[in-house]
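The values are calculated or read from the model by the stated rules, or taken from the named source; none is laboratory data. As the structure is a prediction and not an experimental result, all values here were calculated from the model. Methodologically, a virtual Cβ is constructed for each residue, glycine included, from the backbone with ideal geometry; neighbour enumeration extends over all protein chains shown.
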Amino acid sequence: MTQIAAFMGFVAMGSALGGMARYAVSGLVVRLISETFPWGTLVVNVSGAFAAGCLGWLVVNGHLADWPDLWPVVVTGFLGSYTTVSSFSLQTLALMRDGEWWRAGGNVVLSLSLCLGAAVAGGLAASAAVGQ
């Protein structure tokens, strides 16, 4: 097996795990809260943005230099499959189609602001964890 094929296998494994995690977390949130708003997708996307912010900060600041393959496997594979812009888009369109304009707008505003904030918070958390 070539190095590229092995690497693609690890990315695929990360994707499979990310998809299963998304299904589990989103389903748990829906069962705990409700389906009147896409809370499960929002929680998944915000937690994924936080994790990406942590990893991004660690990579940029040289703390994961010994793990050069971590980004594609964890971020592209796991987090790429875990977070879900497609579900966000379809759920927002469904709210719009149903005339739920305030909920659709709320989903867009909450998703963007919370995900960006979570990515920043993830970077700050990573910085604090390594004492910088």
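Among the criteria (1) in contact with a Phe, Trp or Tyr (Cβ under 9 Å, 6 or more places away or on another chain); (2) among the β-branched types (Val, Ile, Thr); (3) touching a residue at least 40 places away in the same chain (Cβ under 8 Å), the one Val30 does not fulfil is (3).
Each row is one residue, and each column tells you yes or no for (1) under 9 Å from the mean Cα position of the chain (by Cα); (2) farther than 18 Å from Ala129 by Cβ; (3) not in a helix (DSSP H, G or I).
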{"position": "Glu35", "(1), (2), (3)": "no, yes, yes"}
{"position": "Leu42", "(1), (2), (3)": "no, yes, no"}
{"position": "Ser47", "(1), (2), (3)": "yes, no, no"}
{"position": "Phe50", "(1), (2), (3)": "yes, no, no"}
{"position": "Ala65", "(1), (2), (3)": "no, no, yes"}
{"position": "Thr76", "(1), (2), (3)": "no, yes, no"}
{"position": "Leu90", "(1), (2), (3)": "no, yes, no"}
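Restricting the first member to the range 50-72 and to residues that are at pLDDT 85 or above, and the second to residues that are among the polar types (S, T, N, Q) and assigned to a helix (DSSP H, G or I), the beta-carbon pairs closer than 8 Å and six or more apart or on different chains are Trp57/Ser127; Asn61/Ser127.
Out of everything in the range 92-123 that is over 14 Å from the mean Cα position of the chain (by Cα) and of a type in the set (A, V, I, L, M), what residue ends up being farthest from Val75 (Cα to Cα)? Among those residues, the one meeting the criterion is Met96.
Tell me whether the range 78-85 contains one or more residues that are among the small types (Gly, Ala, Ser), on the phi < 0 side of the Ramachandran plot, assigned to a helix (DSSP H, G or I) and within 14 Å of the chain's Cα centre (by Cα). Yes, the range 78-85 contains a residue that is among the small types (Gly, Ala, Ser), on the phi < 0 side of the Ramachandran plot, assigned to a helix (DSSP H, G or I) and within 14 Å of the chain's Cα centre (by Cα).
Residues in the range 77-132 that are more than 21 Å from Ala51 (Cα to Cα) and among the β-branched types (Val, Ile, Thr): Thr92 only.
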